[in-house]
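Values in this text are rule-based calculations from the coordinates and carry no lab data. None of the values given here were measured: they were computed from a predicted structure. All Cβ positions, even for glycine, are placed from backbone atoms using ideal geometry, and neighbour counts span all protein chains on display.
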Amino acid sequence: MPDKSWFTHDRFGLFIHWGIYSMAARHEWVKSRELISDEAYQPYFDYFDPDLYNPSTWAQAAKAAGMKYFVVTTKHHDGFCLWDSALTDYKATNTPAKRDLLKPMVNAFRNEGFKVGFYHSVIDWHHPEFPVDGLHPMRSALDYRTASQQRDITKYADYLHGQTRELLTLFGKLDLMWFDFSYSQRDWGWSKGKGAAEWRSHELMAMVRELQPDALVNDRLEIGGDFKTPEQYQPAGKMMVDGKPVTWEACQTLNGSWGYDRDNLDWKPVDMLLRMLIDAVSKDGNMLLNVGPTARGEFDARALDRLQGIGRWMHHHSRAIYGCGASDFTPPPDCRYTQNGNRLYLHLFAWPFRHVHLPGLANRVAYAQFLHDASEIKRHVLEPGQVAQNTTMGGLPSDTLTLELPVQKPDVTIPVIELFLKE
Ligand code: GLC
């Protein structure tokens, strides 16, 4: 089992979904959603020319946002490969880009100190031996389905294993493999879903363990994995399997789509994205936040705006995220706790009037301050049994610590109070 300590320390990563679907700019599943044939999809390959591509600017924007690792789509479900694979012609080097787009990206992020992760689709709608099923773009083309009935999934699996070996041997040390996804439980009558048997998942996992023993592997090969990957929702609490807490990472989008989706205006505001990150850490989880670059090779202004807003907050508050996890203390309403040893961080999602009451902390706190400016926060423990009268508060459980707050919310997106617990 690889060491997960870096992963549970870093907590915040960048997901990148980039490929020729960025040309269509209508979600990375555009080929399946719109039932597009290989021929009709070909222009996205023939005209793909990311002339403004400079992965250093991506790495610097992600670093300034406080992200510590990144995961990029080496190949997505449409089968297009960003690297110069020896096993296919359906790759970036054969487009007007005329170069391997993955290698310079890995170098750029490594130069900025990032851990490196590869997303790799086990699904491939372009490969001639990948059997057509209910997700395939040609699922409604009966002649095509009939003609492709002789496809041999074992030949496709050989290709999948061959390309995985390339990724595990041509790009130096990897920290994470993010396979996507298995669906063997699906059944369309005329076809069934695919999973561990089709991918030969145990062999795939063994190959990763052999060639990249330190790399963490996600849970989408249908054989377990080193971490769970809840997608586009916030878990209600710590994630448990068989009653035991497990390592997890929520993967989230900026606007609901992973691939660049030009007309999708459902962009999350910065404060929501921060609350999602804090909430994840408060439940012992990570957040992998996605950007879908344009086909010119840029993070668009709306994505940069969100990363910069997150970065402004992380500049002051990153120690309430890195190295932190869930606390045993119960936070007051509209708040979250993250904790790192004797440092307890109270994140205020809503700004209360003058006071916040912390159950169970009456005699546990040595000092308190705002994290953004290290200004002191005054603390009170009411006399046991104190009766409320006029301006005098009362009726709080005796183990409650009361913090005194300014009426004005500090000018930070999510105010955080750092509590130094008594040893
Ligand atoms: C889902 C989507 C896929 C995306 C992945 C990322 O599997 O179908 O398009 O890449 O999630 O989490």
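At a threshold of 8 angstrom on Cα-Cα distance, excluding pairs fewer than six apart, so keeping six or more, what relative contact order does the range 1-88 reach in percent?
45
Once fully extended, how much extra length lies between ASP187 and ASP266, figured as 0.36 nm per residue of separation less the alpha-carbon to alpha-carbon distance?
Full extension of this stretch gives 25.3 nm more.
Counting only other residues whose beta carbon sits under 13 Å from that of GLY66, what net charge do I get with K and R as +1, D and E as -1?
+4
Going by Cα centres, the range 360-423 and the range 214-277 are how many Å apart?
When both Cα centres are located, 33 Å separates them.
Subtract the Cα-Cα distance of TYR47 and LEU211 from 0.36 nm times their separation in residues, and report this length gain in nm to one decimal.
Working it through step by step, the gained length comes to 55.5 nm.
What is the angle, in °, between the Cα long axis of helix 270-281 and the longest principal axis of the Cα atoms in the chain? Nearest 10 is fine, range 0 to 90.
90
Evaluate the distance, in nm, between pseudo-label points positioned 7 Å from the Cα of ASN111 and of LEU170 along their respective Cα→Cβ axes.
2.1
Rounded to the nearest 0.05, what FRET efficiency do LYS98 and PHE349 give with R0 = 45 Å and r taken as the Cβ-Cβ distance? Could you check?
0.40
Students often check this: by mean Cβ neighbours within 10 Å, which of 337-347, 374-384 ranks highest, and how do the rest follow?
Result, highest mean Cβ count within 10 Å first: 337-347, 374-384.
What is the calculated FRET efficiency for ALA236 to THR146, with r their C-beta to C-beta distance and R₀ = 45 Å, to the nearest 0.05?
Efficiency at R0 = 45 Å is approximately 0.45.
Can you compute the helix-only [θ] at 222 nm over the chain? Use -39500 (n - 2.57) per DSSP H run of at least 4 residues, normalise by all residues, nearest 500 deg cm²/dmol.
Theoretical 222 nm ellipticity from helices: -7500 deg cm²/dmol.
By per-residue mean of other Cβ atoms within 10 Å, what is the highest-first order of 38-45, 221-228, 142-149?
Result, highest mean first: 221-228, 38-45, 142-149.
May I ask you to list the lysines whose Cα is less than 25 Å away from that of LYS68, ignoring any residue fewer than eight positions away on the same chain?
Result set, ordered by chain and number: LYS4, LYS103, LYS115, LYS173, LYS228, LYS238, LYS268, LYS283.
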